[in-house]
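Data first, discussion second: the structure below is written as structure tokens.
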Amino acid sequence: MKFSQMQYKRPEFAETNAKYKELLENFKAAKTADECFAAYKEINDFNVIVESMFTIAYIRKTLDTRDEFYAAEIEYIDEVEPELEEVLQEIVKALLESPFREDMEAKWGKLMFTNLEIDLKTFSPEIIEDLQEENRLCSEYSDLMASAMIEFDGKQLNLSEIDAYFQNTNSEVRKVAATLYSNWFMERNEQFDNLFDALVKVRTHIAKKLGYKSFTELGYYRMQRNCYDENTIAQFRERILEHFVPVVTRLKSMQADRIGTESISIIDNDFCYSDGNPTPKGTPDEIFEHGKQMYKELSKETSEFFNFMLENELFDVLSRPGKEVGGYQSMISMHKAPFIFANFNGTSGDIDVLTHEAGHAYAAYVARDIYPVELQFGQEDIGEIHSMSMEFFAWPWMEGFFGEDTEKYYHSHLSTSVTFLPYGVMVDDFQHQIYANPNMTAKERNDLWLSLEAKYRPWLDMAGIPFWAEGRRWQAQTHIYCDPFYYIDYCLAGVIALDFWTINEYDTVEAWSLYNKLVHNAATKTFVDVIEDSYLSSPFDTDNLRRIAREVYGWLFEWEDPKDPKRPLPRRLMMR
């Protein structure tokens, strides 16, 4: 079914809550395993409908945050979801306490029940009003970000669109764009400060009510961390600092040489080549046509997936006023349809939509018929492996997107992937310190960000533009406001994606086989288990991180030649 034809009907609270309670009683009344399975199927099927209605409303609201109908629906859903959580938790308890639990575990696996036990740790009826407030604040932040309209270059630009000018070949254009971007945030700095302060306080309040010493512990449970803890992540951050920050520092020095500057300032950070960054060639329609060809040649299954997406209007990627910033993939389970949302801005990031977000969507499509629905979705740390690795599997088809810029794209993509890691762990470090010290002032938070910038990104000169110079850059990072402790998943998955890149360089058939195995198993195994099962290198192992950093740096260093920046790649790209 086409997205435009998908009907939305508000799940009214009283009727929805009553139906869940009826289904719960039926489940509890089961006298045999067969009756138990039949009763849970009714719960699953109803839950799929309710969640799909929520998802459709969310997507349509993000497509145009000014749409009054869907804005009202999201406001309603923000209130209703926490209220429904009470009966949903009762269903979880019934599953865990069922006399037929062993039968269900034998059929669906123990991990589903491990995760359900974790879910129980995140809720109590006494926090319903706090959850509603948290939802409201996150929606307010999203609406604020989507409201940005910055006049520049004779146009009214949203944040995604003006971001493209940070890669302009003219340094003065980059500076003006960064200054206007900064001004928009600085004019609203008090609003951003107050929103985040309220979020930190309400999350801390929720954690205290649930008996946790800080929100961090609760945040890990919310993310369903089931095979590593806070100490493991702290060690991972230190290893990124040890093995990747020196590599990125050298890469940034090379970048400065390429663009003719002594150091990397804010206005130079995203500008990587003196003759301009690689940009996709052709119209959006032409880009999608080549994407269709790419997925046709990659595999039969990816071809079927991409055609399904195109035929059913499951992409919305063009920037426009009122559209929420950023990009995401969301699954509409009742229609077995992944949906991809993005904001094209004419940069190489547009192609990432057809690789990164399509990696998420491909995994969702592969799992669309799995029952129960809980087994369709692995943890977010695994999900980001799907997306970040797909970016590298698409390399052999990049010439169709970038033409003469293809080799430059390879260098840019690999360099950006490794450069991201210090930033990603910095975001995670920031959040850990914020929630360990929830009473920080706005200035103390900004000062903390600046100190972490100096630690994880020592090459970056932020002077001259207030938004960066005052340590406010974090306020543009949506995850910090609305998805606490998610960001480290990109880093863990990013290391795995780089490992796939190394394997793919030498044996594309083996690499794709391992990836497809991972995609098909992700909802039934933990992050650690799925890595081991796919014969990939653990990001928690120091030797693995050191090896991957060395491999990436060696490839990028060989590419560099100040006399000939367009020299051929040092290693062959294995084409299918």
What is the range 156-283 by shape, rounded, prolate or oblate, if you read a ≥ b ≥ c off the alpha carbon gyration tensor as root eigenvalues and call it rounded for a/c under 1.5, prolate for a/b larger than b/c, and oblate otherwise? oblate
Modelled label-to-label distance, Ser299 and Thr249, 7 Å Cα→beta-carbon offset: nm? 4.1
Debye calculation, C-alpha points only, no solvent: report log10 I(q)/I(0) for the range 406-523 at q = 0.17, 0.18, 0.19 Å⁻¹, in the same order as the q values. -0.94, -1.00, -1.06
What's the FRET efficiency of Glu510 with Glu117 using the Cβ-Cβ distance as r and R₀ = 56 Å, to the nearest 0.05? 0.95
Rg/Rg_globular for the range 499-538, with Rg_globular taken as 2.2 N^0.38 Å and Rg from C-alpha atoms: 1.11
Largest first and in whole Å, give the semi-axes of the range 65-171's equivalent ellipsoid, each being the square root of 5 times a Cα gyration tensor eigenvalue. 44, 20, 11
How large is the helix-only mean residue ellipticity at 222 nm for the chain, computed as the sum of -39500 (n - 2.57) over DSSP H runs with n ≥ 4, divided by its residue count, in deg cm²/dmol to the nearest 500? -20500 deg cm²/dmol
How do Arg368, Arg320, Arg225 rank by accessible surface area computed with a 1.4 Å probe, from largest to smallest? Arg320, Arg368, Arg225
Heavy atoms only, probe 1.4 angstrom, no DNA, RNA or ligands counted: give me Thr524, Thr65, Thr279, Thr355 ranked by accessible area, highest first. Thr524, Thr279, Thr65, Thr355
Output the lone cysteines of the chain: those with no second cysteine's C-beta under 4.7 Å from their C-beta. Cys36, Cys227, Cys272, Cys491
What does the extension gain come out to for Glu25 and Ala469, with contour length at 0.36 nm per residue minus their alpha carbon separation? 154.0 nm
Translational diffusion coefficient of the range 230-293 at 4 °C, 1.567 mPa s, Stokes-Einstein with Kirkwood Rh over Cα pairs, in µm²/s as a whole number. 87
For the range 76-193, with +1 on Lys and Arg beta carbons and -1 on Asp and Glu, the positive-most of Ile162, Asn189, Ser139 along the dipole: Ile162
If you count only protein heavy atoms and use a 1.4 Å probe, how large is the accessible surface of Met53, to the nearest 10 Å²? 20
Under-18-angstrom lysine pairs by C-alpha in the range 23-102, whenever the two are 8 or more apart or on separate chains: 5
Taking all protein chains in place and a 1.4 Å probe, what share, in percent, of the accessible surface of the chain do carbon and sulfur account for? 48
The range 225-351: C-alpha gyration tensor shape, a/c 1.5 cut-off, then a/b vs b/c: oblate
Fraction in percent of alpha-carbon pairs per bin - 10 Å, the chain: 3, 16, 28, 29, 17, 5, 1, 0
Pulled fully out, how much extra length does the chain show between Ser263 and Ser124, if you take 0.36 nm times their separation in residues and subtract their Cα-Cα distance? 44.9 nm
Rolling a 1.4 Å sphere over the protein heavy atoms, what is the accessible area per residue of the chain, to the nearest Å²? 41
Helix 542-559 versus the longest principal axis of the chain: what angle, 0 to 90°, nearest 10, using Cα atoms? 40
Assuming a ≥ b ≥ c are the square roots of the Cα gyration tensor eigenvalues, decide whether the range 326-401 counts as rounded (a/c under 1.5), prolate (otherwise, with a/b larger than b/c) or oblate. prolate
Distance between modelled label sites at Glu286 and Asp533, nm, 7 Å Cα→Cβ extension: 4.3
Potential extension, Asp153-Lys517 segment - 0.36 nm per residue separation minus Cα distance: 126.3 nm
Placing +1 at every Lys and Arg Cβ and -1 at every Asp and Glu Cβ, with all other atoms neutral, what dipole size does the chain have around its Cα centre, in debye to the nearest 20? 840
Here Rg/Rh (Cα, Kirkwood) for the range 20-106 equals 1.13
Compute the distance from the alpha-carbon center of the range 247-272 to that of the range 68-103, in whole Å. 49
Given a Förster radius of 45 Å and the C-beta distance between Glu404 and Asn189 as r, what FRET efficiency does 1/(1 + (r/R0)^6) yield to the nearest 0.05? 0.60
Put +1 on the Cβ of every Lys and Arg and -1 on every Asp and Glu Cβ in the chain; which of Val530, Ala207, Phe557 then has its Cα farthest towards the positive end of the dipole? Phe557
Would you mind listing how long the range 169-242 runs along its three principal axes, going by Cα atoms, in whole Å with the largest first? 51, 34, 17
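The values are calculated or read from the model by the stated rules, or taken from the named source; none is laboratory data. All of these numbers come straight from a predicted model, not from anything done at the bench. Here the Cβ is made from the backbone with ideal geometry for all residues, glycine too, and neighbour counts use every protein chain on show. We work out accessible area using only protein heavy atoms, side chains counted, and drop any ligands, DNA or RNA first. Shrake-Rupley method; radii C 1.70, N 1.55, O 1.52, S 1.80 Å.
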